[in-house]
Amino acid sequence: MKAIKIVTIVGARPQIIKAAALSRAIRTHFSDLLNEVIIHTGQHYDTQMSEVFFTELNLPQPNYNLHVGSAAHGEQTAHMLKGIERILLDEQPDYVIVYGDTNSTLAGALAASKMHIDIVHIEAGLRSFNKQMPEEINRILTDHCATLLFTPTQNGYDNLLREGFLPLQQAPCSADNPGIFLCGDIMLDNCIFYSNRDSNTQNYHTKNHILSENYILCTVHRDHNTDNPIRLTSIFNALIRLSSLTGQKIILPIHPRTLKMLSKNLDEKLHEIVLQGDMIQLIEPASYTEMIELEQNASLIITDSGGVQKEAFFMKKPCVILRSQTEWVEIVETGSAKLVDADEDKIVAGALEYLNQPPTNFPPLFGDGKAANFICETLFQNKQHQLFLIIEKNEV
Ligand code: UD1
Ligand code: UDP
């Protein structure tokens with residue numbers, strides 16, 4: 001039988017990381033059945049935001065790179081849509097796979113949907129219930145034109161049921177008969193795979209002059225936090241207070257968006273203190289394995305990243321979330337993460353509470369680390385069902 005052709009669309013850092021897990025499963029177990037073509041939209045383009053993940057996680061170089069770069073949402077998405085459509089016309093794949101909720105996700109889903117190509121959405125069903133977030137719109141629209149929706153959590157599955165999706169009635173799935181599958185989190189696949197490898201911690205820490213035994217790891221990149229001077233100031237004031245109260249350094253691998261916004265949105269004095277490096281150590285964006293090591297060795301994680309929130313949970317680390325709501329509600333419900341928004345006092349109090357009494361409740365809410373295999377198997381089976389249906393129709 002001819003291998004099923006999949007076009008995978010990536011663009012932003014976390015999508016490259018997630019795609020690496022699926023690609024590894026294809027190469028290891030499904031290479032005769034699934035043939036993958038990779039499109040990189042170019043949404044992220046700095047070496048440390050893109051190339052480093054292809055190399056380190058052994059993801060094949062993209063077959064196409066649209067090099068769209070940064071722009072306003074509409075312009076960026078439109079460039080992607082145009083470029084992806086052109087490639088899909090040439091490639092004529094059986095499936096288009098999109099991840100998460102970025103502009104690259106939406107562009108991929110729209111292009112495929114107009115051409116009646118089955119869309120596979122990995123990380124379906126997640127909701128913040130905040131439509132001010134560009135990601136919330138991207139994920140809702142993508143879910144509602146997808147054929148196969150793979151959701152990592154029970155909450156994601158329940159959200160889809162609430163929005164009118166039905167548990168699978170009859171195969172095969174199509175855009176008009178979408179299938180929803182609770183399969184666990186594909187990021188856990190990676191986390192397990194890479195946490196079990198030889199550690200480079202010493203090298204990495206030495207390279208970055210991370211000399212302190214105990215440190216707090218922090219990432220900030222949400223536009224809601226970075227682009228608002230009041231919120232960004234409040235977050236950095238909290239980090240400085242926390243460092244002086246605990247004596248622990250704040251290690252902050254800095255997203256390029258945030259780096260640009262520090263000088264624009266912090267006043268001169270605060271900006272200077274941040275750059276001094278005594279309390280907050282800004283480092284360039286980490287590679288994936290470096291990030292895993294930073295997370296494993298941190299006393300506490302403070303973040304507004306979706307992926308980092310989950311990785312904190314996977315590694316049994318307390319997490320202070322710089323948002324007022326999260327798609328990963330279950331980690332807050334377990335008591336191992338707290339929503340503190342960008343409120344200076346709440347950030348400090350939440351962090352101190354966790355440092356004094358670390359949480360211990362980390363139940364297995366994200367599956368068994370085998371999501372990628374399940375997804376590949378389902379893609380294959382669904383295409384088989386579609387083919388049988390065509391054969392049956394032709395025979396009648
Ligand atoms: C995007 C996603 C967000 C995701 C994040 C992961 C959307 C709407 N947002 O946010 O959901 O959590 O990626 O990291 O899709 N920049 C560079 N170099 C790069 C990439 C970005 O300098 O390689 C700078 C540019 O100034 C750019 C800004 O960062 O304007 C924002 O980049 P963009 O991709 O638009 O959004 P992110 O904040 O990265
Ligand atoms: N990450 C990384 N280096 C960094 C920061 C994050 O490799 O300097 C990884 C992190 O371990 C996780 C993913 O990037 O796997 C999360 O991506 P990000 O925070 O950019 O976006 P989000 O998950 O919020 O969409």
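The values are calculated or read from the model by the stated rules, or taken from the named source; none is laboratory data. Worth saying up front: this structure is predicted, and the values here are computed from it rather than measured. Counting neighbours? That spans all protein chains shown, and the Cβs are built from the backbone with ideal geometry, glycine included. Remember, those area values only see protein heavy atoms, side chains included, never the ligands or the DNA or RNA. Shrake-Rupley method; radii C 1.70, N 1.55, O 1.52, S 1.80 Å.
Could you say whether any residue in region 126-143 is at pLDDT 95 or above, among the acidic types (Asp, Glu), within 16 Å of ligand 1 (Cβ to nearest atom) and touching an Asp or Glu at 6+ places or on another chain (Cβ under 6 Å)?
Within region 126-143, one or more residues are at pLDDT 95 or above, among the acidic types (Asp, Glu), within 16 Å of ligand 1 (Cβ to nearest atom) and touching an Asp or Glu at 6+ places or on another chain (Cβ under 6 Å).
Got a number for residues in region 218-229 being outside any helix (DSSP H, G or I) and open to solvent by 30 Å² or more (accessible area, probe 1.4 Å)?
Keep residues of region 218-229 that are outside any helix (DSSP H, G or I), which gives 218-222, 227-228.
Imposing the further condition that a residue be open to solvent by 30 Å² or more (accessible area, probe 1.4 Å) reduces the set to 221-222, 227-228.
Residues meeting the conditions: 4.
What are the pairs with Cβ atoms under 6 angstrom where one residue, in region 295-318, is in contact (Cβ under 8 Å) with a residue 60 or more places away in the chain and more than 21 Å from residue 15 (Cα to Cα) and the other, located anywhere, is part of a helix (DSSP H, G or I) and within 16 Å of ligand 1 (Cβ to nearest atom)? Sequence gap at least six, or different chains.
301/312
Checking the structure you have, find out if any residue of region 137-145 is touching a strand residue (DSSP E or B) at 6+ places or on another chain (Cβ under 9 Å) and of a type in the set (Ser, Thr, Tyr).
Of all residues in region 137-145, those touching a strand residue (DSSP E or B) at 6+ places or on another chain (Cβ under 9 Å) come to 139, 142-143, 145.
After this cut, where a residue has to be of a type in the set (Ser, Thr, Tyr) as well, the list is 142.
Yes, there is a match, as at least one residue in region 137-145 is touching a strand residue (DSSP E or B) at 6+ places or on another chain (Cβ under 9 Å) and of a type in the set (Ser, Thr, Tyr).
Can you tell me which residue in region 158-183 is farthest from residue 18 (Cα to Cα), limited to those that are touching a Gly at 6+ places or on another chain (Cβ under 6 Å) and free of Cβ contacts under 8 Å to residues at least 60 places away in the same chain? Outline the logic, then answer.
Start the filter on region 158-183 by keeping residues that are touching a Gly at 6+ places or on another chain (Cβ under 6 Å), which leaves 159-160, 168, 173.
Filter once more, keeping what is free of Cβ contacts under 8 Å to residues at least 60 places away in the same chain: 159-160, 168.
On the way: 159: 22, 160: 21, 168: 25 Å.
Per the criteria, the residue is 168.
Give the residues of region 203-261 that are on the phi < 0 side of the Ramachandran plot and at pLDDT below 95, sorted by residue number. Step through it out loud before you land on a result.
Step one: filter region 203-261 for residues on the phi < 0 side of the Ramachandran plot, giving 203-208, 210-246, 248-261.
Matches in region 203-261: 203, 204, 205, 206, 207, 208, 210, 211, 212, 213, 214.
Which one is farthest from residue 302 (Cα to Cα) among residues in region 230-271 that are outside any helix (DSSP H, G or I) and open to solvent by less than 30 Å² (accessible area, probe 1.4 Å)? Reasoning before the result, please.
Here is the first cut: in region 230-271, the residues outside any helix (DSSP H, G or I) are 247-255, 266-267.
With the extra rule that they be open to solvent by less than 30 Å² (accessible area, probe 1.4 Å), the set shrinks to 248, 250-255, 266.
Details: 248: 13, 250: 9, 251: 10, 252: 10, 253: 12, 254: 13, 255: 14, 266: 19 Å.
Looking at residues that are outside any helix (DSSP H, G or I) and open to solvent by less than 30 Å² (accessible area, probe 1.4 Å), I get 266.
Please enumerate the residues belonging to region 79-101 that are within 16 Å of ligand 1 (Cβ to nearest atom), of a type in the set (A, V, I, L, M, F, W, C) and closer than 20 Å to residue 152 by Cα. Before the answer, list the steps.
Here is the first cut: in region 79-101, the residues within 16 Å of ligand 1 (Cβ to nearest atom) are 79-81, 83-84, 98-101.
So of that shortlist, the ones also of a type in the set (A, V, I, L, M, F, W, C) come out as 80-81, 84, 98.
The answer is 98, and nothing else.
I need the full set of residues from region 156-174 which are of a type outside the set (Asp, Glu), surrounded by fewer than 18 Cβ atoms within 10 Å (Cβ to Cβ) and outside any loop (DSSP other than H, G, I, E, B), in order please. Don't jump to the end; show me each part of the working.
Restricting attention to region 156-174, the residues satisfying the condition of being of a type outside the set (Asp, Glu) are 156-157, 159-162, 164-174.
Those left that are additionally surrounded by fewer than 18 Cβ atoms within 10 Å (Cβ to Cβ): 161-162, 164, 166-171, 174.
Result: 161, 162, 174.
With the condition kept exactly as written, say whether any residue in region 4-26 is out of contact with any helix residue (DSSP H, G or I) (no Cβ under 7 Å at 6 or more places or on another chain) and open to solvent by 50 Å² or more (accessible area, probe 1.4 Å).
Within region 4-26 (the criterion being out of contact with any helix residue (DSSP H, G or I) (no Cβ under 7 Å at 6 or more places or on another chain) and open to solvent by 50 Å² or more (accessible area, probe 1.4 Å)), the answer is no, since none of the residues qualifies.
State which residue pairs qualify: first residue acidic (Asp, Glu) and away from ligand 1 (no atom under 13 Å from the Cβ) and inside region 102-123, second residue open to solvent by 20 Å² or more (accessible area, probe 1.4 Å) and assigned to a strand (DSSP E or B) in any location, beta carbons under 9 Å apart, and separation of 6 or more residues or different chains.
Listed by first residue and then by second, the contacts come to 118/174.
Among the residues of region 8-25, is there at least one that is out of contact with any Lys or Arg (no Cβ under 6 Å at 6 or more places or on another chain), small (Gly, Ala, Ser) and away from ligand 2 (no atom under 16 Å from the Cβ)? Walk me through how you get there before you give the answer.
Of all residues in region 8-25, those out of contact with any Lys or Arg (no Cβ under 6 Å at 6 or more places or on another chain) come to 8-25.
In the following step, the residues that additionally are small (Gly, Ala, Ser) were identified as 11-12, 19-21, 23, 25.
Then keep just the ones that are away from ligand 2 (no atom under 16 Å from the Cβ); that gives 25.
Yes.
Which pairs do you get when a residue that is over 20 Å from residue 86 (Cβ atoms) and away from ligand 2 (no atom under 15 Å from the Cβ), found in region 35-59, comes within reach of a residue that is open to solvent by 60 Å² or more (accessible area, probe 1.4 Å) and among the aliphatic types (A, V, I, L, M), reach meaning Cβ atoms under 6 angstrom, with the pair 6+ apart or on two chains?
Filtered contacts from region 35-59: no entries.
When you look at residue 107, is it out of contact with any Phe, Trp or Tyr (no Cβ under 8 Å at 6 or more places or on another chain) and over 30 Å from residue 167 (Cα atoms), yes or no? Don't jump to the end; show me each part of the working.
Numbers: out of contact with any Phe, Trp or Tyr (no Cβ under 8 Å at 6 or more places or on another chain): yes; over 30 Å from residue 167 (Cα atoms): no.
The answer is no for residue 107.
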